[in-house]
């Protein structure tokens, strides 16, 4: 039985004052059935981890450098993130792939580093609008899974997030049939590569303009084990409604 996961990605948003949202979220949902994770900017990881200690919210990071240490000004290693209080790290987010030119090899190296540091890793995959329109979605997803996911993974330390690039922050959402097709495909690819045991235990999240208004419909789709939520995770009321919908799914 896969424990569902509501993961919030704050991206480049949030100051110390915004940590009050964690208090509000914990007060409104003290014992959710789903696992709840928030990945704030790196500046807030240690503060959020201290604030969330003993409560229902886990803390993660948004990216990591593949090296353990060294002359990499401005970067943070996976061990540093774990030391700050993170238990997860997102790798391969479409904004990292686009803004920083990170390819599948980079994502795979980051994932390996995260796992070596004892972090769980959320590997993001997804197609652009042009790739969707060219009917290349499943080929793109297949290539990203093969290139970005390390070999030595388990259902405990790996999460896959499907995020159609054209739906992120646009207010557009794929149809439930489109989401189901991709999630079922990802499940089949995981089972083929890692075997039924691991392949069926890895959680697959949907990410792309998830909101309180569409969460229930999305969570009813085959092989959707939760969501990677962007803007709607910044406010406890919005993210709390998504958590509630996931708990009821």
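Structure data summary
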| item | result |
| --- | --- |
| Estimated 222 nm signal from helices in the chain, with DSSP H stretches of n ≥ 4 weighted -39500 (n - 2.57), rounded to 500 | -12500 deg cm²/dmol |
| Proxy reagent accessibility, fewest Cβ within 10 Å first, across 106, 139 | 139, 106 |
| From the coordinates shown, semi-axes √(5λ) of the Cα gyration tensor in Å corresponds to which of (1) 25, 22, 17; (2) 29, 19, 18; (3) 40, 22, 17 | (1) |
| Cα-based Kirkwood hydrodynamic radius, region 153-249, one decimal, Å | 13.6 Å |
| Cβ-based exposure ranking for 151, 83, in which fewest neighbours within 10 Å come first | 151, 83 |
| Semi-axis lengths (Å, descending) of the ellipsoid that matches the C-alpha gyration tensor of region 71-168 | 25, 15, 11 |
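Rule-based calculations on the coordinates, nothing more; no lab input. As the structure is a prediction and not an experimental result, all values here were calculated from the model. All Cβ positions, even for glycine, are placed from backbone atoms using ideal geometry, and neighbour counts span all protein chains on display.
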